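Colleague: Before anything else, here's the structure in question.
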Amino acid sequence: MKITKEIVERIEGEAVLELEWEKNKINFAKIKFFNYRGLEQIMVSRPLYDALVITPRVCGICSSAHANASILAIEDCYTSFGENLNISAKAKAIREIVLNIEKIHNHIKWYYFTILPELKKIDNNGKKTAYAFAQKEWFEAQKAIVTILKAGSIFSGQWPHASFLMAGGVTCDPLRSDVTQAQNIVDEVIDFCEEHIFGMSLSEFLGIDSSIQIMGSNSSLSDGMDILMRHGFDSIGRSFDKFIALGESYMYDEASKAVKTTVVKADVKFVSESLEHTFFESKANGYTYSKSAMYKKNYFEVGPMARLIIGKDPLIRDFHRRFKDSVVTRVVSRVAEIAHLLNRTQYLLRHLDISQVSCKKPKIHLKVLSGEGVGAVEGARGSLIHRVRVKEGIIKEYDIITPTVWNLGNGSQENPSIAQEAIIGIDSISKADIVFKSFDVCSVCTTQ
């Protein structure tokens, strides 16, 4: 048996893939994350609201997701103590707008600066080329990434690591001119996506229900699909065909899981973490700082593909019918979600009632607040969970379960995780690398 090791770059942070080979195919993969920071421990013994400043620093890409999960967990503490906070529709909409913008930014960046360059390289027999970042389309993509964040900072004050959330709502109180400015920015990014990513209008793209229609478009999404299909990624990267989405979304009614396309209700209380194969369990035998997240002791995939399958999106259901949970379906799902997020954000901005109150302060004083709370949101990479236990306003325990912990857990050869199963059976390192990156890996979130 041969073992190879590769440092995986062009992700958030870095990881190491240790691949075991038999008969020129990958027999097992160990996914190793080393850069542990210990933010969960840092928050213990601090005032509860410190979590709203510290948790966004878990990651520079999905800081709004962490802030949203944290505030939901804090508000759930108030609920467990007996006070149900009445969050205005305005505050909920602003929270979602900022979170959506973060996802849009991430997805565009991931496709143009992680996936497409890797696909172009594999299509050029592994040779690195200078084409990518010299082309006008890549410049326009970077411009769109920077531009969309300006819309979010109108409400959050800054990006990343914004601190605009408070128990009872949000701290911002936008003017009509602020909302109009955000609408104009979103429209500008829609123009970019229509010209380059979709190759058609946003409304036309959202009306597509067949993978063939994507393949026939003149777009960067179609270009990426062509390369994926030529190199067999329509059948590579398949895992267990099991999905879960635990955060709220307008695309489905409640937290749900799906096995293939059969969708049933899910509950965050059945989520657990495993320390198997980690340095936390054994300094001698562990190999990573990444825990594993499981639902009823089973691995489930999280992320855009999970959300769109659970939301019964016609386009992704057609991709899934043809290609199952392969790299092709996973990549197209993340790009297709950009369209849904842009459309949803347009709607929220158009219907935002700025006359409503931004924040309704809790009646219970923080110094007497004791209880437990859970917050679940759908971040760019999937379901993100924050759990907190507080006593008299002081944090006693804090737990963060990130999307990468769901997708890239530490299973065994007998019971591999989602990404491990997707990598097993591949015959080249370059293909394994693309499968790995198709999950939009974030090692800094994983080892927070």
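The values are calculated or read from the model by the stated rules, or taken from the named source; none is laboratory data. All values derive from a computational prediction rather than experimental measurement. Cβ placement follows ideal geometry from the backbone for every residue including glycine, while neighbour counts extend to all protein chains displayed.
Colleague: For segment 91-118, which residues satisfy the criterion of being charged (D, E, K, R) and in contact with a Gly (Cβ under 8 Å, 6 or more places away or on another chain)?
Modeller: Residues satisfying the conditions are Glu102, Lys103.
Colleague: For Val189, state whether it is crowded, with 21+ Cβ neighbours inside 10 Å and closer than 20 Å to Leu348 by Cα.
Modeller: In short, yes.
Colleague: Right, Glu397: modelled with pLDDT of 95 or more, surrounded by fewer than 24 Cβ atoms within 10 Å (Cβ to Cβ) and under 22 Å from Val259 (Cα atoms) or not?
Modeller: no
Colleague: Can you name every residue in segment 151-209 that is among the small types (Gly, Ala, Ser), under 22 Å from Cys59 (Cβ atoms) and in a helix (DSSP H, G or I)?
Modeller: Passing the criteria: Ala151, Gly152, Ser153, Ser156.
Colleague: Moving on to the next point. Residues Ala245, Ala258, Ala284: which one is at pLDDT 95 or above and of a type in the set (Gly, Ala, Ser)?
Modeller: Within the list Ala245, Ala258, Ala284, the selection yields Ala245.
Colleague: Here are some conditions: (1) modelled with pLDDT of 95 or more; (2) farther than 17 Å from His231 by Cα. Val444 meets all but one. Which one does it not meet?
Modeller: Unmet for Val444, out of (1) modelled with pLDDT of 95 or more; (2) farther than 17 Å from His231 by Cα: (1).
Colleague: Of everything in segment 72-113, what is of a type in the set (Lys, Arg) and more than 30 Å from Val327 (Cβ to Cβ)? Give them in sequence order.
Modeller: Lys90, Lys92, Arg95, listed by residue number.
Colleague: Something else about it: Do any residues in segment 321-337 that are in contact (Cβ under 8 Å) with a residue 40 or more places away in the chain and β-branched (Val, Ile, Thr) have Cβ atoms under 6 Å from those of residues that are outside any helix (DSSP H, G or I) and crowded, with 24+ Cβ neighbours inside 10 Å, where the two are at least six apart or on different chains, and which pairs are they?
Modeller: Within 6 Å, the pairs are Val327/Phe233; Val327/Gly237; Val327/Ser438; Val328/Phe233; Val331/Ser438.
Colleague: Does Ile87 satisfy the condition of being touching a strand residue (DSSP E or B) at 6+ places or on another chain (Cβ under 6 Å), part of a loop (DSSP other than H, G, I, E, B) and in contact (Cβ under 8 Å) with a residue 24 or more places away in the chain?
Modeller: yes
Colleague: In this structure, does Gln420 turn out to be in contact with a Phe, Trp or Tyr (Cβ under 8 Å, 6 or more places away or on another chain) and at pLDDT 95 or above?
Modeller: Taking the combined requirement at face value, the residue satisfies it.
Colleague: Which is closer than 28 Å to Val58 by Cα and not polar (S, T, N, Q), of Pro314, Pro416?
Modeller: Pro416
Colleague: Yes or no: Ile208 over 20 Å from Ser326 (Cβ atoms) and surrounded by 15 or more Cβ atoms within 10 Å (Cβ to Cβ)?
Modeller: In short, no.
Colleague: Applying the selection to segment 41-76, what residues are touching a Phe, Trp or Tyr at 6+ places or on another chain (Cβ under 9 Å), touching a residue at least 40 places away in the same chain (Cβ under 8 Å), farther than 15 Å from Gly375 by Cα and not in a loop (DSSP other than H, G, I, E, B)?
Modeller: If the condition is that a residue be touching a Phe, Trp or Tyr at 6+ places or on another chain (Cβ under 9 Å), touching a residue at least 40 places away in the same chain (Cβ under 8 Å), farther than 15 Å from Gly375 by Cα and not in a loop (DSSP other than H, G, I, E, B), then Met43 is the only one that fits.
Colleague: Would you point out the residue of segment 268-284, among those that are without any contact (Cβ under 8 Å) to a residue 60 or more places away in the chain and touching a Phe, Trp or Tyr at 6+ places or on another chain (Cβ under 9 Å), that is farthest from Gly13 (Cα to Cα)?
Modeller: Phe270
Colleague: I've got another one for you. Return the pairs, sorted by first residue and then second, in which the second residue is part of a helix (DSSP H, G or I) and polar (S, T, N, Q), the first residue lies in segment 108-124 and is modelled with pLDDT of 90 or more, the beta carbons are less than 7 Å apart, and the residues are 6+ apart or on different chains.
Modeller: Matching pairs, first to second residue: Leu116/Ser220.
Colleague: In addition: Only residues that are buried (at least 17 other Cβ atoms within 10 Å of the Cβ) and free of Cβ contacts under 8 Å to residues at least 60 places away in the same chain: list them for segment 344-391, please.
Modeller: Residue satisfying the conditions is Arg389 alone.
Colleague: Does segment 268-312 hold any residues that are closer than 30 Å to Ile208 by Cα and surrounded by fewer than 23 Cβ atoms within 10 Å (Cβ to Cβ), and which are they?
Modeller: Listed by number, the residues that qualify are Gly311, Lys312.
Colleague: For the subset of segment 55-73 comprising residues that are touching a helix residue (DSSP H, G or I) at 6+ places or on another chain (Cβ under 6 Å) and of a type in the set (Val, Ile, Thr), which member is farthest from Ile395 (Cα to Cα)?
Modeller: Checked segment 55-73; the qualifying residue farthest from Ile395 (Cα to Cα) is Ile61.
Colleague: Limited to segment 400-419, what total is found for residues that are over 18 Å from the mean Cα position of the chain (by Cα) and either within 26 Å of Glu83 (Cα to Cα) or of a type in the set (Val, Ile, Thr) (or both)?
Modeller: The qualifying residues number 0.
Colleague: Being surrounded by 15 or more Cβ atoms within 10 Å (Cβ to Cβ) and either touching a Phe, Trp or Tyr at 6+ places or on another chain (Cβ under 8 Å) or within 18 Å of Pro314 (Cβ to Cβ) (or both) narrows it down to one residue among Ser163, Ser220; which is it?
Modeller: The unique qualifying residue is Ser220.
Colleague: Based on what the data block shows, is Arg330 assigned to a helix (DSSP H, G or I), at pLDDT 95 or above, of a type in the set (D, E, K, R) and surrounded by 24 or more Cβ atoms within 10 Å (Cβ to Cβ)?
Modeller: Against the criterion (assigned to a helix (DSSP H, G or I), at pLDDT 95 or above, of a type in the set (D, E, K, R) and surrounded by 24 or more Cβ atoms within 10 Å (Cβ to Cβ)), Arg330 qualifies.
Colleague: Here is a follow-up. How many residues does segment 74-125 hold that are among the hydrophobic types (A, V, I, L, M, F, W, C) and either under 15 Å from the mean Cα position of the chain (by Cα) or closer than 15 Å to Thr345 by Cα (or both)?
Modeller: Qualifying residue count for the region: 11.
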